[in-house]
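So the structure is just underneath, and the comments pick up after that.
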Amino acid sequence: MSAATDAVAPRFAPGARVRVKDDWPETRGPCHIRTPHYVRGRLGQVVRPLGAFPNPEDLAFARPAPRRQLYHVLFEQPPIWNEGKAGDTVMVEIFEHWLEEA
Amino acid sequence: MAAPPSGASLALLEKLVAALNAKGLVSETEIAERQAITDRASPEIGARMVARAWTDPEYYALLMRDGKAAAEAAGASMAGAPELGVLENTPKQHHLVVCTLCSCYPRALLGYPPGWYKSFAYRSRAVREPRAVLAEWGTQLADDVEIRVVDSTADYRWMVLPMRPKGTEGWSAEKLAAIVTRDALVGVAVPRVE
């Protein structure tokens, strides 16, 4: 991939167990976030780092936007919705500052 | 297709463009260039990429390693476009692409997204009940095939690399490209041999 990987080394390696922060910035005021509501607080697994990109939460407000690591994170689908078929998954691009070790 | 934009939306758009112009953030020329790139793009580019990946191992390797370079090689204009990731379907795993937050779509190689891709119905259902969505498309998967929904939330755009169907042995890349539809590149359908 040609995505810039400079600036910050990935904190999480492929296979790392992570939890998405259970955070709801939209309740605190205007914001732009790229973390879907349905994965917040959920356990997932890092598939791979995707490179570093300017933080969209700053870009949206024309603030200086430091590069942040982006990851592909995999979630089992049934626990999210309490329905669905075991083995089905959802893969989501999530920025590092939304992830915690699990 | 989506309904044409209302007069109020067009008036708002005009004001937004004028404001961006005044701030020197974007010019009419740049907007026209972006529109031309998207107008030129069509699912045929994606279909060509898939057919070539099925028939040319070196191109397949390039596609999996660097989607943007592979798209350029197939005639897409990727300058200024987001990264392109490729999701390879296998006998055990089928990918379905959705953007639950808005309507992120690999426009550089598929053109404008269809209305259904941008609909609330598709965006909310694909991620929650993908098997029901696929069934409504008439897409039957074997019971042991896992579905991986890919929510396009950030700086990549995603295309599905479908499996080459049985019965296409010896086909040329041109003939193969004709059975790869836009819907197969999003993952709601699979290529079929009639």
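The values are calculated or read from the model by the stated rules, or taken from the named source; none is laboratory data. Nothing here was measured: the structure is a model prediction, and the numbers come from that model. Positions of Cβ are backbone-derived with ideal geometry, glycine not excepted, and every protein chain shown enters the neighbour counts.
At a glance:
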{"quantity": "Wholly within region B:129-194, helices (runs of 4 or more DSSP H) carrying at least 2 residues that are within 14 Å of another protein chain (Cβ to nearest Cβ)", "calculated": "B:130-136"}
{"quantity": "Neighbours by Cβ (under 6 Å, 6+ apart or cross-chain): first from region B:46-69, away from every other protein chain (no Cβ under 14 Å); second of a type in the set (A, V, I, L, M, F, W, C) and assigned to a loop (DSSP other than H, G, I, E, B)", "calculated": "B:A47/B:V180; B:R48/B:A74; B:M49/B:A74; B:V50/B:V180"}
{"quantity": "Matching residues in region B:91-117 - criterion: being among the polar types (S, T, N, Q) and crowded, with 20+ Cβ neighbours inside 10 Å", "calculated": "B:T100"}
{"quantity": "Pairs with Cβ under 9 Å, 6+ apart, first in region A:70-95 and within 14 Å of B:R128 (Cα to Cα) and more than 9 Å from chain B (Cβ to nearest Cβ), second part of a strand (DSSP E or B) and among the hydroxyl-bearing types (S, T, Y)", "calculated": "A:F75/A:T89; A:E76/A:T89"}
{"quantity": "Region B:161-178 residues that are at pLDDT 95 or above, paired with ones that are basic (K, R) (beta carbon under 7 Å, 6 or more apart)", "calculated": "B:P165/B:R192; B:A173/B:R52; B:A177/B:R48"}
{"quantity": "Single unsatisfied condition, A:P36 versus (1) at positive phi; (2) of a type outside the set (D, E, K, R); (3) touching a strand residue (DSSP E or B) at 6+ places or on another chain (Cβ under 8 Å)", "calculated": "(1)"}
{"quantity": "Residue check for B:R123: touching a Cys at 6+ places or on another chain (Cβ under 8 Å), among the charged types (D, E, K, R) and either within 14 Å of chain A (Cβ to nearest Cβ) or under 30 Å from B:I31 (Cβ atoms) (or both)", "calculated": "yes"}
{"quantity": "Total residues in region A:45-69, condition of a type in the set (F, W, Y) and either at positive phi or within 12 Å of chain B (Cβ to nearest Cβ) (or both)", "calculated": "1"}
{"quantity": "Residue satisfying all of: in region B:38-60; more than 19 Å from B:K175 (Cα to Cα) and in contact with a helix residue (DSSP H, G or I) (Cβ under 9 Å, 6 or more places away or on another chain); surrounded by the fewest Cβ atoms within 10 Å (Cβ to Cβ) among these", "calculated": "B:T38"}
{"quantity": "Any strands (runs of 3 or more DSSP E) falling wholly within chain A and containing at least 3 residues that are under 10 Å from the mean Cα position of the chain (by Cα) and buried (at least 16 other Cβ atoms within 10 Å of the Cβ)", "calculated": "A:17-20, A:67-76, A:89-95"}
{"quantity": "Residue in region B:123-131 that is surrounded by fewer than 21 Cβ atoms within 10 Å (Cβ to Cβ) and farther than 30 Å from A:E83 by Cβ present", "calculated": "no"}
{"quantity": "Matching entry among B:L84, B:L109 (being touching a residue at least 40 places away in the same chain (Cβ under 8 Å) and within 14 Å of chain A (Cβ to nearest Cβ))", "calculated": "B:L84"}
{"quantity": "Subset of region B:26-44 [closer than 12 Å to B:A108 by Cβ and of a type in the set (D, E, K, R)]", "calculated": "B:R34, B:D39, B:R40"}
